[in-house]
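Since the structure comes first, as structure tokens, the remarks are kept for the end.
Values in this text are rule-based calculations from the coordinates and carry no lab data. As the structure is a computational prediction, the values presented were derived from the model and not from experiment. Note that each Cβ is placed from the backbone with ideal geometry, even for glycine, and that neighbours are counted across all protein chains shown.
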């Protein structure tokens with residue numbers, strides 16, 4: 001359920017104009033396909049070939065930077081994005097913003113917060129983008145610039161009706177134990193969600209983060225009555241677990257594990273029940289069953305929970321292995337990155 005609050009790494013593959021020569025065009029397309037297949041070494045080889053051709057250098061460096069991000073190589077990714085901007089010959093504000101956002105992300109991951117803020121500010125000179133305001137506000141928050149953070153978060157909230165953005169603001173404050181500041185944004189999100197009387201899941205999600213589990217349960221049950229929804233199932237189970245009602249959580253997950261469309265989330269939920277009861281071997285079995293479905297919507301949470309289980313078992317070898325895989329697949333997920341960094345010390 002955790003959202004990254006970041007631009008989509010593969011979702012922003014822009015509709016680039018065809019490269020000037022066929023070989024460069026073929027290599028570029030091959031690089032994109034390699035990224036989508038998580039074959040990052042192959043992607044680097046393909047984008048290097050585009051760059052070597054001397055044609056469409058900006059696009060080639062951008063693709064190279066994305067491949068390096070997926071390998072967790074932020075310094076080389078930053079260099080590639082800088083070169084992409086330097087080689088940009090056409091006035092393409094969408095492409096330029098895209099590369100600037102990637103570069104800012106790399107700067108943040110390297111602890112170069114001032115440089116990231118400068119890039120976000122450059123983007124905001126030409127476009128009032130709520131995601132960019134959020135990211136700059138989060139950077140300000142990391143510098144204890146609370147006034148700057150609030151100003152940016154307020155602008156983001158004014159421009160957006162995305163519930164996840166409000167939740168991300170709340171979570172940014174929660175990392176600093178400023179829960180009351182974050183809860184104010186959840187209240188704003190609840191107002192948006194209430195505009196649509198059938199918006200049960202989003203209201204349930206917001207109530208969950210507000211820790212009003214009774215209302216969250218009511219809304220999520222209504223969402224399930226509207227139709228099978230894997231997200232609602234998983235979240236309702238979390239509500240039961242936070243209410244320390246493991247029996248009801250397990251019963252609900254067992255019911256929905258029979259439906260192939262919701263089975264991956266249901267197995268993930270059963271693993272959470274096992275974790276709550278300290279039954280870690282069973283948790284691993286349920287996680288593996290969920291992963292077998294290859295459902296991208298469930299895979300991230302399943303892999304993260306697998307790391308958690310191995311940590312509970314003090315199985316540092318397997319925990320490190322899964323964490324290393326996780327940060328490659330989900331480089332923008334901060335919780336996963338923190339787990340990986342922690343495991344590197346074990």
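Determine the equivalent ellipsoid of the chain by diagonalising the alpha-carbon gyration tensor, then write out the semi-axes as square roots of 5 times the eigenvalues, largest first, rounded to whole Å. Ellipsoid half-lengths, sorted descending, are 36, 26, 19 Å. Any chance you could give the angle, 0 to 90 degrees and rounded to 10, that helix 113-126 forms with the longest Cα principal axis of the chain? Taking Cα atoms only, the helix is inclined about 80 degrees.
Going by Cα centres, the range 22-47 and the range 115-173 are how many Å apart? Centre-to-centre (Cα) distance: 33 Å.
Could you state the angle between the C-alpha long axis of helix 263-276 and the longest principal axis of the C-alpha atoms of the chain, as a value from 0 to 90 degrees rounded to the nearest 10? Helix 263-276 and the main axis of the chain meet at about 60 degrees.
Note the full-extension length gain between residue 315 and residue 21 as 0.36 nm times their separation in residues minus their Cα-Cα distance, in nm to one decimal. Please report the intermediate quantities before stating the final value.
Numbers: separation 294, 0.36 × 294 = 105.84 nm, distance 5.16 nm.
The span from residue 315 to residue 21 would gain 100.7 nm if fully extended.
Within 10 Å of each residue's Cβ, count the other Cβ atoms and sort 178, 344 from fewest upward.
Numbers: 178 15, 344 10.
Placing the least packed residue first, the sequence is 344, 178.
In the calculated pair-distance distribution of the range 186-304, the portion above 18 angstrom amounts to 50 percent of the Cα-Cα pairs. With the simple spin-label model, which puts each label point 7 Å out from Cα in the Cβ direction, the residue 128 to residue 261 separation comes to 4.0 nm.
Report summary: the helix-based calculation at 222 nm, which adds -39500 (n - 2.57) for every DSSP H run with n ≥ 4 and divides by the residues of the chain, gives -23500 deg cm²/dmol.
Taking the C-alpha atoms only, the angle from helix 200-209 to the longest principal axis of the chain is near 90 degrees. Residues in the range 178-196 near a label at residue 161, defined as backbone nitrogen under 18 Å from the 7 Å Cα→Cβ point? Counting backbone N atoms under 18 Å from the label point, the list is 186-196. In plain terms, the residue of 175, 113 with the fewest other Cβ atoms within 10 Å comes first and the most crowded comes last, giving 175, 113. Applying 0.36 nm per residue to the separation of residue 38 and residue 184 and subtracting their alpha-carbon distance, the gain on full extension is 48.7 nm. Highest average first, the peptides 33-46, 261-274, 81-94, 134-147 ordered by how many other beta carbon atoms sit within 10 Å of their residues are 261-274, 134-147, 33-46, 81-94.
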